[in-house]
Amino acid sequence: MSMTTTGTGGTPAVATPAGRYGMADLVRSEWTKLRTVRSTLWTLGMTVFTGLAASAIAMGVTRAHWASMSASNKASFHPIEVSLTGGYLGGTLLLGILGILVVSSEYATGTIRATLAAAPRRPMVLAAKVLVFGTVTLVVAELVTFAGFLLGQALLTSPAPHATLSSPTALRAVAGAGLFLCVVGLLALGIAVLVRHTAGAISAYVGVILVLPIIVSAIPGSLQDQIERLLPLEIGSAMINDPAPAAFGPWTGFFVLCGYTAVILAVGTVLMVRRDA
Amino acid sequence: MTLHRERYDVLTTRPPAESATRGSNPLAEDPYARRHGSDTDQHETADAWEHGRQIPAAGKEDSVIEAQHLTKRYGDKVAVDDLSFTVRPGIVTGFLGPNGSGKSTTMRMIMGLDHPTGGRVTVNGRRYHDLAWPLHEVGALLEAKAIHPGRSARAHLRMLAEANRIPLRRIEELLGLVGLASVAGQRAGKFSLGMGQRLGIAAALLGDPGVLIFDEPVNGLDPDGIRWVRKLLKGLAAEGRTVFVSSHLMSEMALTADEVVVIGRGRVLAQQPVAEMTARSTARFVRVRSPELLKLRAALDQQGAQTVFEDGALTVRGMDEVAIGDLAASLLITLHELSPESASLEDAFMELTEKSVEYHGALQGQARGGDR
């Protein structure tokens, strides 16, 4: 209410600010939403724990068995990949589920109607969600990949060959894995905007991430390679490993993944605007 | 701005902490502050509302909800059918209709949550979507417990306040007002339906809005809570706000609403003041007692009135007490009682909606041989 009565003075109980609600207000609101439910802390905590534990176990075990490993096993041992695989797989699932919950829990509980009553411009609401969730995920994912890498390499003492951040491809693999996790989490968030139900969205996401590769692996010949390189997990693998011959290069793959996420979020925005909340 | 401040003062005539512990509003008494509550406190609250009534409704003329030919179809099913009505400031407007008559759908369309298939609805002359600071203009309680069960009441209000730049101190004030201060940090999943309603009411009042929309606000509340909501609604209207409240409980609306919009099967059946609605009803009748009741009845029947014997008295419909009295006098019939009985809102409502209640049609369909 933009009322301007004068008289006894004093400030109104709730002054209406100038202008219009905007991105900054919604980002603040989304940040409060994200940090005031336990599932966020649990999921992020599990992501960090999984990443560090998997790296420590894989590298520790490798070190312990190094002396008895065959020459070919030693030759194919890739210290960067082994230190990142656990965090990258765990993060793909856990951060994906968090991305889904950020949206689907609002629909499940009816909070979405309170959200949209406060901010009826739906694309802006979704953008604020993407920004907040994306930022938090990126920070946590980079933390997991860097810490996992450093912890794992520290456990890998001579004679086993360990990597450092200045090793070739190491920085790309570590930072890139974090970027991958952030974008794949946003992909999951986008799926939840389309599906709106937690169980349905998780099924769809796990289907794309884990089930699709199994189906594709049944396809014969070179067609399999052509399709396989389009799969999110293959794109992630190419980022932390030396890419397989048929796969996309790490940044090409990453660009493709960003494309998926952008398309899903764009379709999600259109549906969110059109559908009844 | 002064007006704004005073309107708010009505809500918290005492400091929030005090109102939470002393039960200065009936709702706060229950269940957390009941032991502190007393009747005098409630009278004080009533005085506060009276104080509110003295405040003119100036500056609120534009706080209206206007629906024009509002229509909502889900496939073949018409939920809301060409609805046109206006909700004015300064009074409580009841939105009456049987369950499934389209009340909630209409309210969601006002809030811009559901898209109309046809027609339009505006708040303060604008589509909800175009409001600059929606919570500062419109507050709504659409469904109880529409809150994440893992989030606290305080966090729920906080995320709403932040979205519309409402000062955070307002949250504590409202938590005190609705009597949730002591449980504000607990997970809302533990809340009863009544507590969920109170949180919803706090959320609606957060931005001190001029327009308030409540969908079945007394659902799940105990008698004290119902009384509190009734006072709240009337107080908010007396402050010049536009108050639109749906209910399927006629008795509740009779006590709360000044004007009613009655819908059935998605259509507006009537929009009129409550008093007018009951006055127009054919359920209105006159009770007559007389030692010569049979003679009087014959005369009334001749005049075209409908008469029924009930408990030794005659119930007369279709003629008012003046005509009956005159008729009796002309026939030199002594009358022992001549009392006009106004219809209850419930009677008037039943009359209006009788033909539109969904299951009515279904039952008739069954009687015709059944298609199930």
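Of A:A277, A:A238, A:A246, which residue is at pLDDT below 90 and closer than 23 Å to A:V174 by Cα?
The match here is A:A246.
Identify, from the list A:D242, A:D225, A:D276, the residue that is closer than 22 Å to A:T85 by Cα and touching an Asp or Glu at 6+ places or on another chain (Cβ under 9 Å).
A:D242
Determine which member of the set A:G259, A:G221 is surrounded by fewer than 18 Cβ atoms within 10 Å (Cβ to Cβ) and at pLDDT 95 or above.
So the residue among A:G259, A:G221 that is surrounded by fewer than 18 Cβ atoms within 10 Å (Cβ to Cβ) and at pLDDT 95 or above is A:G259.
Does A:V82 satisfy being part of a helix (DSSP H, G or I) and modelled with pLDDT of 95 or more?
Here the answer is no, as A:V82 does not meet what is asked.
Looking at (1) over 23 Å from B:A203 (Cα atoms); (2) of a type in the set (F, W, Y); (3) within 11 Å of chain A (Cβ to nearest Cβ), which is the only condition B:F85 fails?
(3)
Tally the residues that are among the hydroxyl-bearing types (S, T, Y), part of a helix (DSSP H, G or I) and over 32 Å from the mean Cα position of the chain (by Cα), restricting the search to segment A:47-79.
Of the residues in segment A:47-79, 2 are among the hydroxyl-bearing types (S, T, Y), part of a helix (DSSP H, G or I) and over 32 Å from the mean Cα position of the chain (by Cα).
Would you say B:L70 is closer than 22 Å to A:V273 by Cα and at pLDDT 95 or above?
The answer is yes for B:L70.
How many residues are at positive phi and either acidic (D, E) or out of contact with any Leu (no Cβ under 7 Å at 6 or more places or on another chain) (or both) when one looks only at segment B:145-199?
Residues in segment B:145-199 being at positive phi and either acidic (D, E) or out of contact with any Leu (no Cβ under 7 Å at 6 or more places or on another chain) (or both): 1 in total.
Just one of the numbered conditions (1) more than 14 Å from chain B (Cβ to nearest Cβ); (2) exposed (fewer than 15 other Cβ atoms within 10 Å of the Cβ) is not true of A:L194; which one?
That leaves (2) as the condition not met.
If you go through segment B:328-372 one residue at a time, how many are modelled with pLDDT under 85, over 14 Å from B:M250 (Cβ atoms) and among the charged types (D, E, K, R)?
Residues meeting the conditions: 6.
Identify, from the list A:L95, A:L101, A:L131, the residue that is within 19 Å of A:T32 (Cα to Cα), touching a Ser or Thr at 6+ places or on another chain (Cβ under 6 Å), in contact (Cβ under 8 Å) with a residue 60 or more places away in the chain and away from chain B (no Cβ under 12 Å).
Going through A:L95, A:L101, A:L131 in turn, the sole match is A:L95.
Can you tell me which residue in segment B:109-129 is farthest from A:S29 (Cα to Cα), limited to those that are facing chain A (nearest Cβ under 8 Å) and surrounded by fewer than 19 Cβ atoms within 10 Å (Cβ to Cβ)?
B:H115
Within segment A:140-160, track down each residue that is of a type in the set (V, I, T) and assigned to a loop (DSSP other than H, G, I, E, B).
A:T157, the sole residue that qualifies.
Which ones in segment B:124-166 are part of a helix (DSSP H, G or I) and without any contact (Cβ under 8 Å) to a residue 12 or more places away in the chain?
Answer for segment B:124-166, where residues must be part of a helix (DSSP H, G or I) and without any contact (Cβ under 8 Å) to a residue 12 or more places away in the chain: B:D130, B:A155, B:M159, B:E162.
Which residues, counting only those in segment B:70-83, are farther than 11 Å from B:T106 by Cβ and either small (G, A, S) or in a strand (DSSP E or B) (or both)?
Within segment B:70-83, B:R73, B:Y74, B:G75, B:K77, B:V78, B:D82 meet the criteria.
For a quick check of your reading of the model, give me the residue pairs whose first member lies in segment A:39-56 and is within 14 Å of another protein chain (Cβ to nearest Cβ), whose second is assigned to a helix (DSSP H, G or I) and surrounded by fewer than 20 Cβ atoms within 10 Å (Cβ to Cβ), with beta-carbon atoms closer than 9 Å and at least 6 apart or on different chains.
Going by the 9 Å Cβ cut-off, the qualifying pairs are A:L41/A:R35.
Any chance you could count how many residues in segment A:10-38 are of a type in the set (D, E, K, R), at the interface with chain B (Cβ under 7 Å from one of its Cβ atoms) and either touching a residue at least 40 places away in the same chain (Cβ under 8 Å) or part of a helix (DSSP H, G or I) (or both)?
Residues in segment A:10-38 being of a type in the set (D, E, K, R), at the interface with chain B (Cβ under 7 Å from one of its Cβ atoms) and either touching a residue at least 40 places away in the same chain (Cβ under 8 Å) or part of a helix (DSSP H, G or I) (or both): 4 in total.
It is to be established whether one or more residues within segment A:247-254 are part of a helix (DSSP H, G or I) and closer than 20 Å to A:L131 by Cβ.
Checking segment A:247-254: at least one residue is part of a helix (DSSP H, G or I) and closer than 20 Å to A:L131 by Cβ.
Yes or no: segment A:161-181 includes at least one residue that is assigned to a helix (DSSP H, G or I) and under 27 Å from A:A277 (Cβ atoms).
Within segment A:161-181, not a single residue is assigned to a helix (DSSP H, G or I) and under 27 Å from A:A277 (Cβ atoms).
Please find, within segment B:303-319, the residue that is nearest to B:P291 (Cα to Cα) out of those that are exposed (fewer than 15 other Cβ atoms within 10 Å of the Cβ) and out of contact with any strand residue (DSSP E or B) (no Cβ under 6 Å at 6 or more places or on another chain).
B:G312
If you scan segment A:232-254, which residues turn out to be farther than 16 Å from A:A177 by Cβ and within 17 Å of the chain's Cα centre (by Cα)?
none
Kindly establish whether A:V216 is β-branched (V, I, T) and at pLDDT 95 or above.
Judged against the criteria, A:V216 is not a match.
Taking the conditions exactly as written (within 24 Å of B:L199 (Cα to Cα) and within 16 Å of the chain's Cα centre (by Cα)), does A:V102 satisfy them or not?
So A:V102 fits the description; yes.
Do any helices (runs of 4 or more DSSP H) lying entirely in segment B:181-273 carry at least 2 residues that are touching a residue at least 40 places away in the same chain (Cβ under 8 Å) and under 11 Å from the mean Cα position of the chain (by Cα), and which ones are they?
Correct list: B:223-238, B:250-256.
The values are calculated or read from the model by the stated rules, or taken from the named source; none is laboratory data. Worth saying up front: this structure is predicted, and the values here are computed from it rather than measured. In this analysis, Cβ positions are derived from the backbone assuming ideal geometry, glycine residues included, and neighbour counts consider all displayed protein chains.
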